[in-house]
Structure formats: C-alpha cells, structure tokens
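Q: One structure follows; several queries about it will come next.
The values are calculated or read from the model by the stated rules, or taken from the named source; none is laboratory data. Just so you know, these numbers come straight off a predicted model, no measurement behind them. Please note: Cβ atoms are built from the backbone with ideal geometry, for glycine as well, and neighbour counts cover all protein chains shown.
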Amino acid sequence: MTSDDIGRILYLVLLLMVVGVWVMRDFRRNLSQRLQQLAIWALIFIGVLAAIGLWSDIRSTVLPTQTVTAENRIETPLSADGHYYLTVGINGKPVRFVIDTGASAIVLSQKDAERIGIDTRQLAYIGQANTANGLVRTAPVRLDTVTLGPIQDHDVSAVVNAGQMDGSLLGMAYLSRFARVEINRGTLVLER
C-alpha cells in the first residue's frame with residue numbers, strides 16, 4: 001500500500017465520519033424519510049461502483065475496438081449493430097470501415113474520400129455498382145497507402161461512391177489480400 005493509498009483511505013474515513021455524524025444528528029427528526037433517503041444514496045453509490053467495475057465490459061460492448069494480437073493478426077469484435085468495423089489508415093488518415101463481404105472493392109464514401117485528400121468533384125464516375133439501394137455510379141481511385149495495424153499496402157485500387165453512404169466499405173478486393181479471414185464467436189480475425 002502506497003502513501004497515496006493511505007491518504008485516500010484517511011480522506012474517505014474522515015468524510016464518512018463527518019457525513020455519519022450529520023446523518024445521525026439529522027436522523028432524529030424524521031426517521032422514515034431519512035431512511036428512505038439513505039437507501040436512495042446507497043443505491044446510487046452501489047450503481048456507481050458497479051459502473052466503475054464493469055467499465056471495460058461496457059466500453060467493449062458500446063465501442064468495440066480492433067486489436068493487433070500478433071505481428072500480422074488483427075482481431076475486431078462484433079459491434080452491437082451486428083457489423084464488424086475496422087479503422088484503417090488511408091494515405092495517413094484514419095477511416096472507419098464496415099467489413100462488407102458483399103462488396104467487391106474498397107468503397108469510399110464522398111465524405112471519407114474528401115477527408116483523405118481526394119477531390120471528388122474532379123473524379124470520373126465511369127463505373128457502376130449494384131447495391132441494396134439500386135445502381136450507383138462509382139469513380140476508380142488509387143490509394144497511396146492502406147495501413148491496418150502493422151500491415152501496410154501501397155498503390156491499392158478503390159472506388160468512390162457517387163451516392164449517399166453513411167460510411168465506407170471494406171470489400172473483398174482488400175480482404176482477399178489476407179491468408180486467413182475468419183469469424184469465430186463474435187470476433188473477426190484477419191491474418192497475413
């Protein structure tokens with residue numbers, strides 16, 4: 001136990017003593033109302049302690065994150081919405097992708113393309129893609145660098161979607177670069 005821990009304990013003991021003396025003095029007035037208030041505060045205190053104790057579980061459920069578990073192995077948990085997400089460095093800027101095995105290419109939204117430095121007004125939207133929302137126009141682009149954890153690829157082809165998209169898609173053209181793509185008990189594993 002460090003001196004900081006001892007100081008914290010002494011502070012808490014003094015605080016509890018002061019609050020306890022005040023509560024005992026105040027209890028004499030209206031016992032049933034005071035007991036009800038004390039029970040409410042006890043439940044709040046227990047709730048805060050439970051939230052602190054479960055914070056890592058809550059955080060991983062609400063904001064699941066990808067991890068590098070080995071030199072060329074990336075794992076990402078299933079998100080609460082039923083999708084797998086990866087944050088990939090595109091030309092040095094982080095872009096959040098949804099893993100989409102139904103997409104054949106890396107598909108950038110207009111917003112993400114502009115954020116990584118692509119002038120979407122100058123693109124030639126000569127391609128087409130069949131999506132759940134129908135046929136959309138696409139523009140082919142080349143990405144200088146694509147970085148996922150320790151893995152870095154250069155001169156990667158992608159497309160920019162001319163339609164409205166909430167986010168970008170990481171399709172099979174990129175996923176097929178991995179020797180192993182596996183979904184196991186709510187975790188997506190990519191391995192080179």
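Q: Taking the options Asp153, Asp144, name whichever one is assigned by TED's automatic domain parsing to the domain that holds Val98 and free of Cβ contacts under 8 Å to residues at least 40 places away in the same chain. Walk me through it before giving the result.
A: Working: Asp144 fails: free of Cβ contacts under 8 Å to residues at least 40 places away in the same chain.
Checking each option against the conditions leaves just Asp153.
Q: Right, another one. Residues in the range 171-186: is at least one in the same structural domain as Thr87 (by TED's automatic domain parsing), among the basic types (Lys, Arg) and loosely packed, with under 15 Cβ neighbours inside 10 Å? Working first, answer last.
A: Restricting attention to the range 171-186, the residues satisfying the condition of being in the same structural domain as Thr87 (by TED's automatic domain parsing) are 171-186.
Adding the requirement that they be among the basic types (Lys, Arg) leaves 177, 180, 185.
With loosely packed, with under 15 Cβ neighbours inside 10 Å added as a condition, the list becomes 180, 185.
Yes - at least one qualifying residue is present in the range 171-186.
Q: Only one of these is buried (at least 18 other Cβ atoms within 10 Å of the Cβ) and either modelled with pLDDT under 80 or over 17 Å from the mean Cα position of the chain (by Cα) (or both): Ile106, Ile44. Name it. Spell out how you get there, then give the answer.
A: Numbers: Ile44 fails: buried (at least 18 other Cβ atoms within 10 Å of the Cβ).
Just one listed residue meets the conditions, Ile106.
Q: Being on the phi < 0 side of the Ramachandran plot and part of a helix (DSSP H, G or I) narrows it down to one residue among Arg25, Arg29; which is it? Can you show your working first?
A: Working: Arg29 fails: part of a helix (DSSP H, G or I).
Just one listed residue meets the conditions, Arg25.
Q: Right, another one. If you check every pair at least six apart or on different chains, which have Cβ atoms under 6 Å apart with a residue in the range 161-172 that is touching a residue at least 40 places away in the same chain (Cβ under 8 Å) first and a residue that is in a loop (DSSP other than H, G, I, E, B) and among the aliphatic types (A, V, I, L, M) second?
A: What qualifies is Leu169/Ala103; Gly171/Ala103; Gly171/Ala105.
Q: Sticking with this structure for a sec: Filter the range 1-15 down to residues that are part of a helix (DSSP H, G or I), among the hydroxyl-bearing types (Ser, Thr, Tyr) and exposed (fewer than 10 other Cβ atoms within 10 Å of the Cβ), then give me how many there are.
A: So in the range 1-15, the residues part of a helix (DSSP H, G or I) come out as 3-15.
This time we only want the ones that are among the hydroxyl-bearing types (Ser, Thr, Tyr), so: 3, 11.
Now narrow it down to the ones that are exposed (fewer than 10 other Cβ atoms within 10 Å of the Cβ): 3.
Here the count works out to 1.
Q: Let me ask something additional. Strands (runs of 3 or more DSSP E) wholly in the range 103-192 with at least 2 residues that are over 21 Å from Lys93 (Cβ atoms) and out of contact with any Cys (no Cβ under 8 Å at 6 or more places or on another chain) - which ones? Working first, answer last.
A: On the way: elements: 106-108, 127-131, 134-148, 151-161, 168-170, 180-184, 187-191.
Passing ranges, in order: 127-131, 134-148, 180-184, 187-191.
Q: Another question about this same structure. I need a count of the residues in the range 76-101 that are farther than 23 Å from Arg142 by Cβ and not hydroxyl-bearing (Ser, Thr, Tyr).
A: 6
Q: Only residues that are β-branched (Val, Ile, Thr), touching a helix residue (DSSP H, G or I) at 6+ places or on another chain (Cβ under 9 Å) and either free of Cβ contacts under 8 Å to residues at least 24 places away in the same chain or outside any strand (DSSP E or B) (or both): list them for the range 67-102, please.
A: Residues of the range 67-102 that are β-branched (Val, Ile, Thr), as a first pass: 67-69, 74, 76, 87-88, 90, 95, 98-99, 101.
Adding the requirement that they be touching a helix residue (DSSP H, G or I) at 6+ places or on another chain (Cβ under 9 Å) leaves 88, 90, 95, 99, 101.
Of everything in the range 67-102, just one residue is β-branched (Val, Ile, Thr), touching a helix residue (DSSP H, G or I) at 6+ places or on another chain (Cβ under 9 Å) and either free of Cβ contacts under 8 Å to residues at least 24 places away in the same chain or outside any strand (DSSP E or B) (or both), namely Thr101.
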